[in-house]
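Trainee: This structure is in structure tokens; I'll ask about it shortly.
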Amino acid sequence: MSIPILIVDDEPNVRLMYRAALAGQGYELFETASGDAALAACEERTHAAAILDLRMPGMDGFELLETMQARGITTPAVFVSAFGDVPNAVRAMKLGAIDFLPKPPTPDQLREVVRDILSRHVQPLSFSGVKDCDYYLRAAKRAINLRDFDAANKHVIKALDLDSSSLQAIHLAGVMLEMREEHEDAIRGGTP
């Protein structure tokens, strides 16, 4: 049985590149050129993962993911964008998307991030008797995708306890800290 993956990008050549990169990997690929069409596709079937363009005419990737969340569509998403700065990463995490690829991603990067998403969501987290830094990072990313930020924070702390030099854990901890500071500012009446 093939795994359904949704590709959302307004550029036909980009969708073709993603399709070529993911062909032969056991995925059933669905493509749309807009946020509205992606919502319709999500209403028709459940996808194991979605690859979203950040900047599209009409509904952008953030608005799309926000609308998906509001409608109870919990498809894990990765953003692909030339605009992968910290504010975009924080906003993506608030919406439950932890994965961000620079545009254009290499075929290997795209395949790897899709495999990673699927390992967190479709298959149970692997447990071979050792819960290492990578295990806790996968658990943290899954928790962020599910918008369980308390659990994600605990997993990131465990990852850092096991490997304090892990750049991925340090980055994740920094973005989560920035999210917490924005939340606390909003509570105090500052600007979010």
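Trainee: Using the structure shown, decide if Phe100 is at pLDDT below 90, among the aromatic types (Phe, Trp, Tyr) and either crowded, with 16+ Cβ neighbours inside 10 Å or part of a loop (DSSP other than H, G, I, E, B) (or both).
Mentor: Numbers: at pLDDT below 90: yes; among the aromatic types (Phe, Trp, Tyr): yes; either crowded, with 16+ Cβ neighbours inside 10 Å or part of a loop (DSSP other than H, G, I, E, B) (or both): yes.
So Phe100 passes the test.
So that you can scan it fast, the table gives a plain yes or no per residue for (1) of a type in the set (D, E, K, R); (2) surrounded by 18 or more Cβ atoms within 10 Å (Cβ to Cβ); (3) assigned to a helix (DSSP H, G or I):
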position	(1), (2), (3)
Asp10	yes, no, no
Asp36	yes, no, yes
Cys42	no, yes, yes
Ile51	no, yes, no
Thr74	no, no, no
Met93	no, yes, yes
Pro104	no, no, no
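Trainee: Of the conditions (1) surrounded by 13 or more Cβ atoms within 10 Å (Cβ to Cβ); (2) at pLDDT below 85; (3) outside any loop (DSSP other than H, G, I, E, B); (4) out of contact with any Pro (no Cβ under 8 Å at 6 or more places or on another chain), Lys158 fails just one. Which one is it?
Mentor: (2)
Trainee: While we're on this one: Among the residues in region 34-41, are any at positive phi and assigned by TED's automatic domain parsing to the domain that holds Leu118?
Mentor: no
Trainee: Taking the condition outside any helix (DSSP H, G or I), over 14 Å from the mean Cα position of the chain (by Cα) and of a type in the set (Val, Ile, Thr), does Thr46 pass?
Mentor: Numbers: outside any helix (DSSP H, G or I): yes; over 14 Å from the mean Cα position of the chain (by Cα): yes; of a type in the set (Val, Ile, Thr): yes.
For Thr46, the condition - outside any helix (DSSP H, G or I), over 14 Å from the mean Cα position of the chain (by Cα) and of a type in the set (Val, Ile, Thr) - is met.
Trainee: Oh, and also: Listed residues Gly72, Gly84, Gly61; which is modelled with pLDDT under 90 and touching a strand residue (DSSP E or B) at 6+ places or on another chain (Cβ under 6 Å)?
Mentor: It is Gly84.
Trainee: Free of Cβ contacts under 8 Å to residues at least 24 places away in the same chain, buried (at least 17 other Cβ atoms within 10 Å of the Cβ) and outside any strand (DSSP E or B): is that true of Arg15 in this structure? Don't jump to the end; show me each part of the working.
Mentor: Values: free of Cβ contacts under 8 Å to residues at least 24 places away in the same chain: yes; buried (at least 17 other Cβ atoms within 10 Å of the Cβ): yes; outside any strand (DSSP E or B): yes.
So Arg15 passes the test.
Trainee: Return yes when Phe79 is modelled with pLDDT under 85 and not in a helix (DSSP H, G or I) and no when it is not. Working first, answer last.
Mentor: Numbers: modelled with pLDDT under 85: no; not in a helix (DSSP H, G or I): yes.
No, not satisfied.
Trainee: Picking from Asp108, Asp53, which residue would you name as being modelled with pLDDT of 90 or more, touching an Asp or Glu at 6+ places or on another chain (Cβ under 8 Å) and either assigned by TED's automatic domain parsing to the domain that holds Leu177 or of a type outside the set (Phe, Trp, Tyr) (or both)?
Mentor: It is Asp53.
Trainee: Within region 54-73, is even one residue hydroxyl-bearing (Ser, Thr, Tyr) and out of contact with any helix residue (DSSP H, G or I) (no Cβ under 7 Å at 6 or more places or on another chain)?
Mentor: Among the residues of region 54-73, not one is hydroxyl-bearing (Ser, Thr, Tyr) and out of contact with any helix residue (DSSP H, G or I) (no Cβ under 7 Å at 6 or more places or on another chain), which makes the answer no.
Trainee: Of everything in region 55-68, what is within 25 Å of Gly174 (Cβ to Cβ) and either in contact (Cβ under 8 Å) with a residue 60 or more places away in the chain or surrounded by 22 or more Cβ atoms within 10 Å (Cβ to Cβ) (or both)? Give them in sequence order.
Mentor: Gly61, Leu65
Trainee: Here is a follow-up. How many of the residues making up region 20-37 are among the aliphatic types (A, V, I, L, M), touching a strand residue (DSSP E or B) at 6+ places or on another chain (Cβ under 9 Å) and over 15 Å from Asp10 (Cβ atoms)?
Mentor: 3
Trainee: For residues that are touching a helix residue (DSSP H, G or I) at 6+ places or on another chain (Cβ under 9 Å) and part of a helix (DSSP H, G or I), tally how many sit in region 161-175.
Mentor: Matching residues across region 161-175 total 10.
The values are calculated or read from the model by the stated rules, or taken from the named source; none is laboratory data. No experiment lies behind these values; they were computed from the predicted model shown. FYI the Cβ positions are ideal-geometry reconstructions off the backbone, even for glycines, and counts take in every protein chain you see.
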